[in-house]
Amino acid sequence: MARKPLGKHRQREIRTVGLMIELYEKHHPEIDSKDKYNRLFDYAINRLERCYFGEEKPACKHCPIHCYQPARREEIKAIMRWSGPRMLLHHPILAIRHLIDDHRPVPDYPASKTGPR
C-alpha cells in the first residue's frame, strides 16, 4: 500500500531535523559517528511519516503521544538543545519557522482510533 505524500509542514520538519543533526555532527566529530547519525535521521523520518496527527502535528515535545523510544528521544533532545540556537545563524528562516511551529496548538487526541462501539 502506497503512503500519501508528506505535506509541506512535515517535509520542512524533516529538513530541519536533518540540518540540526548535520550541524551537531559537524561540531561533534566521533569515530564512526556518520552511521549513528544517519540511523537517527532515518528513525526521525520514520516517526514523522507515521505521525498520528499528520500535518496537524504539534511539536514533538508537546505531543501527548511519545512515539520515540526513550533512548532515541534523549539523543534527539540533546542534538536539538545544542543545534537549536545555532540554527539561527546557519539557517535563520528554518529556525524561526521551527520556533513558530513550536507554538502550534496540540490537537485533541481521541480516546480510541476505532470510534464509538
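Quick notes on this structure:
- Looking only at residues in segment 7-43 that are farther than 18 Å from ARG104 by Cβ and among the hydrophobic types (A, V, I, L, M, F, W, C), the one that is surrounded by the fewest Cβ atoms within 10 Å (Cβ to Cβ) is ILE31.
- Residues that are within 14 Å of the chain's Cα centre (by Cα) and either over 21 Å from GLY54 (Cβ atoms) or of a type in the set (Gly, Ala, Ser) (or both), drawn from segment 77-110: LYS77, ALA78, ILE79, MET80, ARG81, SER83, GLY84, ALA95, LEU99
- Residues of segment 33-72 that are among the acidic types (Asp, Glu) and either in contact with a Gly (Cβ under 7 Å, 6 or more places away or on another chain) or closer than 25 Å to HIS90 by Cα (or both): ASP35, ASP42, GLU55.
- When segment 80-106 is filtered for residues that are basic (Lys, Arg) and either free of Cβ contacts under 8 Å to residues at least 12 places away in the same chain or in contact with a Gly (Cβ under 7 Å, 6 or more places away or on another chain) (or both), only ARG81 remains.
- Filter pass, HIS62 being closer than 21 Å to TYR37 by Cβ and either surrounded by 14 or more Cβ atoms within 10 Å (Cβ to Cβ) or in contact (Cβ under 8 Å) with a residue 12 or more places away in the chain (or both): no
Bear in mind these aren't lab numbers, they're just calculated from the coordinates by the rules spelled out. The structure presented is a predicted model; accordingly, all values stated were derived computationally and were not measured. Every residue, glycine as well, gets a Cβ built from its backbone with ideal geometry; the counts of neighbours run over all protein chains shown.
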